[in-house]
Structures are given as structure tokens and as C-alpha cells.
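Please read the structure below before turning to the comments.
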Amino acid sequence: MRIHDIDPDNRPRERFLRSGKESLSPAELLALILRSGTAGLNIIDTCNKLIAEHGLERLADLSIQELQKTPGIGEAKAMQIAAIFELQRRLHFARNMNLKVKGARDVFEYMKGRIPDETKEHLFVLFMSTKNQILRHETITIGTLTASLIHPREIFKAAIRESAHSIILVHNHPSGDVQPSNADKQVTSILKKAGDLLQIELLDHVVVGRDDWFSFRDHSLL
């Protein structure tokens, strides 16, 4: 069935105008952007198939080549889909500029979309203002976290350069298990002592997974 064969009152565009964007399914919203289907498959069916195969959340992580494996999605449509999620990612970043951190949840929300490859472990440092706002963040190391890879000099040299009042450590666990390892605890202890000496406080160390986090401060480990 083509879009033009659908009852006009039930077409996505007409329902959007009549009832608002909330009335449309994810596939229909995507269809509004992609607009046209192929000879054998209308665009709503194509979008339903794409979402059914990968899930809405996973679409943001697919490459142009992976998107094109779904019939009806060519290079141009794959680029449109990728552009939607890139705009969403940039909007999230813009809203989080100078974010005031009140707790570990704020750190977790800030880091969403900022880890370039979640299959690898990354250690970041967030540079904080006197008002607990994030000035910016920096990647310290990529790979399994060990004390031998982390030198306080590099972290606090950057903190001094940024005129940071304090710092927050963040790292991800690709496994999804956010419980800290012994190495995580050792690194935290070393950097806490170094920060105390330099009077640049380590406010927290937050371990993030895909849907959860662990705060050293909340668990009285700082």
C-alpha cells in the first residue's frame, strides 16, 4: 500500500497537523522526514521494518552502511537518519554546557553521547568552576584503568591550566557493571591525595554504564 492509498485522515502528515507530533508513532515520525518509499514498499513500512530490526535507540549507533542494509534505505535516506541523531546529540551537548552538577546523575546525563567508543574503557576528567559548573572535559586515557597509566601531574596540570576549582573523574565500564574494581579504588585514592595537596578537590569519581552509574562520593569512598 502506498501512502496515497491510506485514508487521508490517517496519513502521518494530516494527523500531525490535526493532533500534534505526539500522536505519531516513531516509524511515522521518521517517515515524515524520509518522505518517499520505493516501488514495492511505502515509507512507513520501511521505517517500521528498520525500527523492528534494530530498535529506536540503536538507530543512533548505526553506520551509513548498516542503515542501507534495510530495503528501501539508500545512501541519501541513511544520511538523513544519521543527521537526525547527530542534531539530537548536539542539542544534548548545547543544553549541558555549563551544567551545574548537583550529584552523580548530572554527571551521568552529561556524559551521554560523549564516549566515542563504548566498547573500550575511557577515563575522563571534568573541570569544575567554583559554582560546580562543568567548564569542559578531557580524555585522560583509553584502555583498562590502572594506576601505572594515570599520573596525577597530567591531570592536575590540565586542571591548573583551566583554572578549575575542583575536578570529577568519570570512566565507563563496557561490561555495563558499574561496580568499581580495586584498580578504580587505587586510582581514586592516589588522585584524592594529590588534589588535597594542590587544593584542587576531587569531588567525585563516577563509573558509568549504559543505563546506570556508581558514585564514589555517594558510597562514602572519597
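The values are calculated or read from the model by the stated rules, or taken from the named source; none is laboratory data. As the structure is a prediction and not an experimental result, all values here were calculated from the model. Glycine gets a Cβ as well: all are built from the backbone with ideal geometry, and neighbour counts include every protein chain shown. For the accessible areas, the whole protein counts, side chains as well, though only heavy atoms, and no ligand, DNA or RNA atoms are used. Shrake-Rupley method; radii C 1.70, N 1.55, O 1.52, S 1.80 Å.
Normalised by the number of residues in the chain, the mean separation of alpha-carbon contacts (under 8 Å, six or more apart) gives a relative contact order of 13 percent. Among the DSSP helices (H) of the chain, those spanning at least 27 angstrom by Cα along their long axis with an average Kyte-Doolittle hydropathy of -0.5 or more are 75-95; this is a geometric and hydropathy rule only. Largest to smallest in accessible area, the residues HIS173, HIS122, HIS137 fall in the order HIS137, HIS173, HIS122 (1.4 Å probe, all protein chains included).
Considering only GLU118, GLU86, GLU14, give the residue with the highest GNM mean-square fluctuation for the chain, with springs between Cα atoms whenever their separation is below 10 Å. Ranking GLU118, GLU86, GLU14 by mean-square fluctuation puts GLU14 first.
Rolling a 1.4 Å probe across the protein heavy atoms gives the chain an accessible surface of 58 Å² per residue. For the range 167-198 versus the range 53-71, the inter-centroid distance based on Cα atoms is 34 Å.
Mind running the shape call on the range 115-174? Use the C-alpha gyration tensor, a ≥ b ≥ c as the square roots of the eigenvalues: rounded below 1.5 for a/c, prolate if a/b tops b/c, oblate otherwise. Each step should come with its number before you reach the end.
Details: a/c = 2.74, a/b = 1.56, b/c = 1.75.
Because a/c hits 1.5 or more and a/b fails to exceed b/c, the range 115-174 counts as oblate.
Within the shell of other residues whose beta carbon sits under 10 angstrom from the beta carbon of GLY209, the net charge comes to -3, with Lys and Arg scored +1 and Asp and Glu -1. Among residues other than ILE134 with Cβ under 10 Å from its Cβ, the summed charge is +1 (Lys and Arg +1, Asp and Glu -1).
How much net charge surrounds GLU66 when only other residues with a Cβ under 12 Å from its Cβ are counted (Lys, Arg +1; Asp, Glu -1)?
Local charge sum for GLU66: 0.
Heavy-atom surface analysis with a 1.4 Å probe gives the chain a carbon and sulfur content of 51 percent of its accessible area. A Förster distance of 25 Å, applied to the separation of the beta-carbon atoms of ASN182 and ASP212, puts the FRET efficiency at 0.80. This model, with +1 at the C-beta of Lys and Arg and -1 at the C-beta of Asp and Glu, gives the chain a dipole about its Cα centre of some 640 debye.
Considering the values (1) 1.31; (2) 1.14; (3) 1.03, which represents Cα Rg over 2.2 N^0.38 Å as calculated for the structure under consideration? Identified label for the calculated read-out: (1).
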